[in-house]
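Report on one structure; see the data block that follows.
We did not get these values from a lab; they are worked out from the coordinates using the rules stated. Every value quoted in this text rests on a predicted model; they were computed, and no experiment measured them. Please note: Cβ atoms are built from the backbone with ideal geometry, for glycine as well, and neighbour counts cover all protein chains shown.
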Amino acid sequence: MDYLDGNAAAGLLSEVFAVDVTVARGKCAHCGNVSVIAQAHLWPDDHGMVLRCRICSDVIAMATERDGKLCLDLRGLDWLELEV
Ligand SMILES: [Zn+2]
C-alpha cells in the first residue's frame with residue numbers, strides 16, 4: 001500500500017484538536033527531524049492511521065478509532081508544537 005501525505009490526517013485529528021494539526025511542528029524522537037505534520041507520511045488502515053517520519057520512516061504517531069473512541073499514541077514525537 002502507498003502512503004498519503006500528512007495532510008490526509010487532518011480529518012481524523014480535527015476530532016481531537018481544535019487547531020489545524022497539519023501545520024503543527026513536531027520533532028521525531030528517533031532521528032530528531034523537525035517538520036510540520038503535513039510533511040509526514042500517512043499510512044491509513046481500517047481502524048485509523050500511522051504517521052511516519054519522512055526522513056527515517058520511524059512511527060511518529062498512531063491513531064485508532066474503535067467503539068466511538070479515538071486513541072492517540074504520540075510517543076514517536078519528542079514534542080509537538082501547536083499554533084494557538
Ligand atoms: Zn525521523
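Structure above, values below:
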quantity	calculated
Residue under evaluation residue 11, criteria (1) surrounded by fewer than 17 Cβ atoms within 10 Å (Cβ to Cβ); (2) in contact with a strand residue (DSSP E or B) (Cβ under 6 Å, 6 or more places away or on another chain), criterion not met	(2)
Segment 51-84: number of residues that are surrounded by fewer than 18 Cβ atoms within 10 Å (Cβ to Cβ) and over 19 Å from residue 2 (Cβ atoms)	19
Flag if residue 27 is out of contact with any Lys or Arg (no Cβ under 9 Å at 6 or more places or on another chain) and under 23 Å from residue 84 (Cβ atoms)	yes
Selected residue (only one of 34, 19, 23 is touching a Cys at 6+ places or on another chain (Cβ under 8 Å) and either over 13 Å from residue 51 (Cβ atoms) or of a type in the set (Phe, Trp, Tyr) (or both))	34
Elements of type strands (runs of 3 or more DSSP E) contained in the chain, each with 1 or more residues being among the aliphatic types (A, V, I, L, M) and more than 16 Å from the ligand (Cβ to nearest atom)	48-52, 59-66, 69-73
Verdict on residue 48 being touching an Asp or Glu at 6+ places or on another chain (Cβ under 8 Å), surrounded by 15 or more Cβ atoms within 10 Å (Cβ to Cβ) and at positive phi	yes
